[in-house]
1. Once label points are set 7 Å from the Cα along Cα→Cβ at both residue 324 and residue 80, what is their separation, rounded to one decimal in nm?
2. Note down the magnitude of the dipole of region 107-207 about its Cα centre, charges +1 on Lys and Arg C-beta and -1 on Asp and Glu C-beta and zero elsewhere, to the nearest 20 debye.
3. Please compute the contact order of region 107-207 in relative form: average sequence separation of alpha-carbon pairs under 8 Å and at least six residues apart, divided by the residue count, as a percent.
4. How would you rank 100-111, 333-344, highest first, on the average number of other Cβ atoms within 10 Å across their residues?
5. Work out, step by step, the length gained on full extension between residue 241 and residue 136: first 0.36 nm times the residue separation, then minus their alpha carbon distance; give nm to one decimal.
6. Answer with one residue from 205, 144, 110: the one whose Cα lies farthest towards the positive end of the charge dipole of region 107-207, charges on Cβ with Lys, Arg +1 and Asp, Glu -1.
7. So if I place +1 on the C-beta of Lys and Arg and -1 on the C-beta of Asp and Glu, and nothing else carries charge, what would the dipole magnitude of the chain be about its Cα centre? I want it in debye, nearest 20.
8. Quote the FRET efficiency, to the nearest 0.05, computed for residue 255 versus residue 280 with a Förster distance R0 of 35 Å and r equal to the Cβ-Cβ distance.
Amino acid sequence: MSISFGGLVSGIDTQSIVSQLVSIERNSVRNLELKRAQAEQAQSAFNTLSSRLEKLRTAVKSMQDIDSFGKLSVGSSDESVLTASSSGTATPGTFSIEVQSVAKAQKTMSDAFADTTQTGLFGEGTLTLGVGADDTVDITVDATTTLSSLKDSINQSGADVFASIVNTTEGYRLVVAGKSTGTSRAVSFTEGGTLGLGLNTPANTFQTASDASLVIDGALNISSSSNTISDAIEGVTLDLKKANVGEQVDITIDRDTEAQAESIQEFLDSYNDVITFINSQTRTTTVGQRGPLINNPTMVGVKRQLQRTLQSTIGTGTDYTSAVNIGISTGSSGRLELDKETLNEALAADFEGALSVFTFDDIGLADLFESSIETMIDVDGLIPKQTSNLSTRVKDLNNQIDRQNTRVDRYEERLKARFLAMEQAISSLNNQSASLQSALLG
């Protein structure tokens with residue numbers, strides 16, 4: 001690092017002159033830095049826009065399927081006995097259900113043994129496990145087998161059971177339980193050779209595999225190998241908790257119009273977030289401040305494409321063919337508003353028809369918006385291409401700034417060298433003048 005004391009001989013503030021000249025020369029660098037800042041700001045804006053569009057896509061995806069978007073509300077009068085859920089294919093109504101029994105998995109215990117790690121307690125041979133119609137599994141028991149190692153062998157066998165050891169008052173018992181409920185998943189045991197585990201003793205099966213049994217509306221008998229029953233009432237899944245013989249549990253299925261309104265409002269909120277952000281980037285405020293991307297065609301194009309999609313006419317074959325028909329309107333600044341009264345009237349008049357504005361296959365608003373957003377934010381979409389171009393521009397500007405800084409630094413060094421040479425020349429002339437005066441006066 002060089003140190004200079006400008007103007008000591010000439011009396012001229014050469015450092016100030018150099019600083020001002022260099023500052024003027026650095027204007028080109030400052031202009032480039034401003035362009036870089038603008039490009040980086042645009043990058044950030046498009047990243048934010050992409051994030052908000054992704055949120056909008058998530059909102060519309062939840063509205064594509066009538067089974068999920070048109071989901072009904074289901075209530076149980078006693079959830080300790082059974083609970084229920086529904087899809088959009090259910091029909092509103094009420095059902096009285098008596099749960100006579102719940103499905104159970106088989107549980108079988110061995111005879112009691114004194115120890116879990118001692119060998120030779122229960123003979124040798126082959127233990128064959130069978131579960132329902134599955135292929136049987138053979139487990140070899142030899143002189144080295146203990147109750148604990150047999151438990152591990154059963155659990156590692158691949159059979160649809162799990163084994164555990166319980167310490168009872170009589171001793172240690174191996175308990176083998178089926179993983180699946182229902183009579184069709186009963187577990188069988190065959191003990192070959194000299195085996196004496198007692199698993200094949202009928203009395204040792206303390207819980208038999210059984211099916212669930214229920215009666216709907218006092219007349220419709222239902223049997224199921226599972227406690228989760230989805231084929232009894234169309235569009236409704238019942239989850240049995242316990243038997244309640246002689247008692248009725250009422251299941252009420254109703255249109256959950258509040259849930260649909262909430263989903264639509266979530267869509268509107270996400271849409272409005274996108275529009276508000278685009279407006280902030282492309283408009284001039286009331287105090288005259290210009291948005292940073294006011295002339296950017298991609299940003300403006302995204303807004304126009306969303307607006308065109310919203311205004312689509314949907315060929316649903318019903319009276320509901322557009323967003324306007326179900327209470328959605330465009331307010332100030334392009335933001336959407338929802339008239340809940342209009343929406344509720346449409347849902348009451350034709351529930352599925354009203355929702356088809358969003359759910360209709362391929363041409364409903366949900367599918368149209370997803371397709372539209374895909375062209376904007378997916379890998380080859382408008383926004384990734386824009387951000388890629390901006391990244392290239394920032395990189396190019398960085399290179400230009402580096403080159404300009406190098407040029408200005410060299411310019412500064414040349415100025416300093418020239419002023420130093422001037423000072424040295426003046427100093428030399430001063431010395432010559434002093435010598436001449438001394439000679440003339442001497």
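Just so you know, all these numbers are worked out from the coordinates, no wet-lab data involved. Quantities reported herein were computed from a predicted structural model and do not represent experimental measurements. All Cβ positions, glycine included, derive from the backbone under ideal geometry; neighbour counts span all protein chains shown.
1. Placing both labels 7 Å along Cα→Cβ, they lie 5.6 nm apart.
2. Working: 5 positive and 11 negative charges, 75 e Å.
The calculation lands at about 360 debye.
3. Normalised by residue count, the contact order of region 107-207 is 40 percent.
4. 100-111, 333-344
5. 34.7 nm
6. 205
7. Once rounded to the nearest 20, the dipole reads 3460 debye.
8. 0.35
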